[in-house]
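To start, the structure under review is shown below, and the notes come after it.
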Amino acid sequence: MRFTLALATTATLVSLTLVPTGATAQTRTAGPTATGFGGAISTVDATATAVGLDVLRRGGNAVDAAIAAAAALGVTEPFSAGIGGGGFFVYYDAKDKTVSTIDGRESGPATMTEDAFIDPADGLQYDFPEARVSGLSVGTPGTLATWEAAARKWGTRPLGSLLRPAADVADRGFTVDATFRQQVAENAAAFGQFDSTRELYLPGGAPPTVGTTLRNPDLADTYRLIAKRGTGVFYRGSIAADIVRTVQHPPVADDPTGTWTYPIRPGDLRRSDLAAYEVRYPEPTKSDYRGLTVYGMSTPSSGGTAVGEALNILEKTDLSKETTIQALHRYVESTALTFADRNRYVGAYTPQSVLDKLISDDWASQRACRIDPAKAMTKPVPPGDLTATGCTPASVGGPVEQGQSTTNLTVADRWGNVVEYTLTIEQTGGNAMVVPGRGFLLNNELTDFNFVPTQGTAPDPNLPGPNKRPRSSMSPTIVLKDGKPFLALGSPGGATIITTVLQVLINRIDLGMTLPEAMAAPRASQRNSAGIPSEAAFHARYGPGLEALGHTFAADVTELGAATAIEFTRHGGMIASAEPARRGGGSAAVVRPRY
Ligand code: GLU
């Protein structure tokens, strides 16, 4: 029997046709926590969760479900994810007991130079909005190639069949909610510059009204075309031609809506760049933490090394025996040190020997010795000197990055395979250009490069270059205990991803919280700045204690991250966990619920 069910969620309210295995199981897909057996999924969006759950129920594995859910997110979370962007896919294979990764990061054009974001007219770097809303910011998208690679290597279904549920959602439409409307409203001026974007997301010249249905038939056709013809049509065929035309000749409206004060510059991405694109398969980063093994994403993401380095520093102290304030003091100090090192040393081409050093226990000792339990370090702290012995000496600090977009999903199947996947188009709304007739936004990932050198006289590892992939902070993480999955998690949030993943880990592992508690707890993100950006609840609860140690706080931020996670319990049990409130709350589900 088939039936239609309405699922409430953060970004959407949607009717989906599902094959039920029990009505109560369905209602669980709307909530942030689900406990049970037989497979689990957690995303930011009930539609995507329902699509992935359906694949699991029909016998698909975690990889199949992750791809189908990600494709659905391309429809319902189009400002954070989609085939115009890229991401990182981490996979635990239950049969081989191995963790593998796919680097589907966007790459710069072959013609990209170090001064790509310097205005030739005056020799100054472009303002961020000018660089973002341009063709200059667009890298070759890696998301579709990631799905194809994952489906071929580890999936059990053809990629085409995994795109069809998302195409159906795009055709039928979904109901606009407050988060979606707000994301459009915040981008209204940028979206209003392009015919293709405003036709889709500014119906009647304004953000769509909450409660209306938004359809994207162009994206449905795009997914179906790819399903029929394969990914070649995207990388070498008619879609590639349309992407390149959009980058080289941005589809600026004759009568733009809203005020945009910057020129809209073309980029130089070419068909040869798309045709040459390949995903990479880097070895995951690996570090031990209190008897657990933590696997993460290696370069071009800094996520794996940064999470690993901070955990190694924290491991020097038994946080469970410390007061909460002392544990949090060490947490923020460890991330300040880690960000200094990341900014100095980590980029797409960092030698493996340097990555290995940064994530080593010896290096953690050389960094942890700078932490004074009684007094906060002065920020920014300098990066460590990799050639030094003993406690690392001082030099100059580095800049602080912001960001709040992207999406993350976590999936496990009945066989014990696990997928942790973070995907993005960079800023919420990418570069603001919908490819005309294709229904998806392009990324602005190349603005993740540093526009100018940031490291004084030392080399900057994240300057633009030909075919180079910009440094990321995405941190899809899988933690094993005795060789078996214990926890998988990830989050959006630009550079705050690293601190969010870390904080959920220490909340769960050291501070005695359950996984849902660890996810809900208020967050802070010390990325080596004078003041700690934190959520108001964190500031209110822990501010006085941390200020007494000399920490200062930046202005509160509305929220940090929108994590998803799954914990693996005994006898095949799974706790799927999403945000209870951030970004409107996420959606977790299991195949066979246990109440
Ligand atoms: N572009 C960012 C990164 O790769 C992710 C975007 C975000 O989450 O804000 O780190």
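The values are calculated or read from the model by the stated rules, or taken from the named source; none is laboratory data. Computed from a predicted model, the values in this text were never measured in an experiment. We place every Cβ from the backbone using ideal geometry, glycine too, and count neighbours over all the protein chains shown. SASA here: full protein model, heavy atoms, side chains in, ligands and nucleic acids out. Shrake-Rupley method; radii C 1.70, N 1.55, O 1.52, S 1.80 Å.
Any chance the range 47-59 includes a residue that's within 19 Å of Val279 (Cβ to Cβ) and of a type in the set (A, V, I, L, M, F, W, C)? No. Checked against (1) within 16 Å of the ligand (Cβ to nearest atom); (2) surrounded by fewer than 24 Cβ atoms within 10 Å (Cβ to Cβ), Pro459 passes all but a single condition, namely (1).
Does Leu144 satisfy being within 19 Å of Arg469 (Cβ to Cβ), assigned to a loop (DSSP other than H, G, I, E, B) and hydrophobic (A, V, I, L, M, F, W, C)?
no
Residues in the range 433-452 that are farther than 27 Å from Val346 by Cα and part of a loop (DSSP other than H, G, I, E, B): Met433, Val435, Pro436, Gly437, Arg438, Gly439, Phe440.
When the criteria are applied in full, Ser134 fails the requirement of being in a strand (DSSP E or B) and of a type in the set (S, T, N, Q).
Filtered by the rule that a residue be over 28 Å from Ile497 (Cα atoms), buried (at least 21 other Cβ atoms within 10 Å of the Cβ) and of a type in the set (Gly, Ala, Ser), the range 261-297 gives a lone residue, Gly267. Scoring Val332 on the criteria (1) more than 16 Å from the ligand (Cβ to nearest atom); (2) touching a Lys or Arg at 6+ places or on another chain (Cβ under 8 Å) leaves a single failure, condition (2).
For the range 86-108, taking the residues that are in a loop (DSSP other than H, G, I, E, B) and more than 14 Å from the ligand (Cβ to nearest atom), the one that is surrounded by the most Cβ atoms within 10 Å (Cβ to Cβ) is identified as Ala94.
Scanning the range 352-385 for residues that are open to solvent by 50 Å² or more (accessible area, probe 1.4 Å) and of a type in the set (S, T, N, Q) gives Gln352, Ser353, Ser365, Thr378. Output the number of the condition that Pro453 fails; it satisfies all remaining conditions of (1) away from the ligand (no atom under 15 Å from the Cβ); (2) touching a residue at least 12 places away in the same chain (Cβ under 8 Å); (3) open to solvent by 10 Å² or more (accessible area, probe 1.4 Å). Pro453 satisfies every listed condition except (2). For the range 411-432, the tally of residues that are within 20 Å of the chain's Cα centre (by Cα), assigned to a loop (DSSP other than H, G, I, E, B) and away from the ligand (no atom under 16 Å from the Cβ) stands at 0.
The rows are residues; the columns are (1) open to solvent by less than 60 Å² (accessible area, probe 1.4 Å); (2) in contact (Cβ under 8 Å) with a residue 40 or more places away in the chain; (3) over 22 Å from the mean Cα position of the chain (by Cα).
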position	(1), (2), (3)
Val138	yes, yes, no
Trp147	yes, yes, no
Ala188	yes, yes, yes
Ala206	yes, no, yes
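Within the range 415-462, being among the small types (Gly, Ala, Ser) and modelled with pLDDT under 95 holds for Gly456, Ala458.
When you look at Leu489, is it in a helix (DSSP H, G or I) and either within 16 Å of the ligand (Cβ to nearest atom) or not hydrophobic (A, V, I, L, M, F, W, C) (or both), yes or no? Judged against the criteria, Leu489 is not a match. Check Gly403, Gly390 and return the single one that is within 16 Å of the ligand (Cβ to nearest atom), surrounded by fewer than 21 Cβ atoms within 10 Å (Cβ to Cβ) and at pLDDT below 95. Answer to the selection: Gly403.
Whether any residue in the range 531-550 is open to solvent by 40 Å² or more (accessible area, probe 1.4 Å), on the phi > 0 side of the Ramachandran plot and not in a helix (DSSP H, G or I) is what I want to check. Checked the range 531-550: at least one residue is open to solvent by 40 Å² or more (accessible area, probe 1.4 Å), on the phi > 0 side of the Ramachandran plot and not in a helix (DSSP H, G or I). The combined condition, being among the small types (Gly, Ala, Ser), in contact (Cβ under 8 Å) with a residue 40 or more places away in the chain and over 30 Å from Ala48 (Cα atoms), is not fulfilled by Gly543. Just give me the residues in the range 308-357 being of a type in the set (D, E, K, R) and in a loop (DSSP other than H, G, I, E, B), in sequence order. Answer for the range 308-357, where residues must be of a type in the set (D, E, K, R) and in a loop (DSSP other than H, G, I, E, B): Glu315, Lys316, Asp318, Glu322.
Any residue at all in the range 332-342 that's surrounded by fewer than 20 Cβ atoms within 10 Å (Cβ to Cβ), among the hydrophobic types (A, V, I, L, M, F, W, C) and modelled with pLDDT of 95 or more?
No, the range 332-342 has no match at all.
The single condition among (1) near the ligand (Cβ under 10 Å from one of its atoms); (2) under 21 Å from Thr76 (Cβ atoms); (3) open to solvent by 20 Å² or more (accessible area, probe 1.4 Å) that Gly437 does not meet is (1). The lone criterion from (1) more than 16 Å from the ligand (Cβ to nearest atom); (2) not in a helix (DSSP H, G or I); (3) not hydrophobic (A, V, I, L, M, F, W, C) left unmet by Pro470 is number (1).
Scoring Val169 on the criteria (1) within 17 Å of Val51 (Cβ to Cβ); (2) within 22 Å of the chain's Cα centre (by Cα) leaves a single failure, condition (2). So for the range 559-566 (the condition being in a loop (DSSP other than H, G, I, E, B), modelled with pLDDT of 95 or more, under 20 Å from Thr323 (Cα atoms) and of a type outside the set (Gly, Ala, Ser)), does at least one residue qualify? Within the range 559-566, none of the residues are in a loop (DSSP other than H, G, I, E, B), modelled with pLDDT of 95 or more, under 20 Å from Thr323 (Cα atoms) and of a type outside the set (Gly, Ala, Ser).
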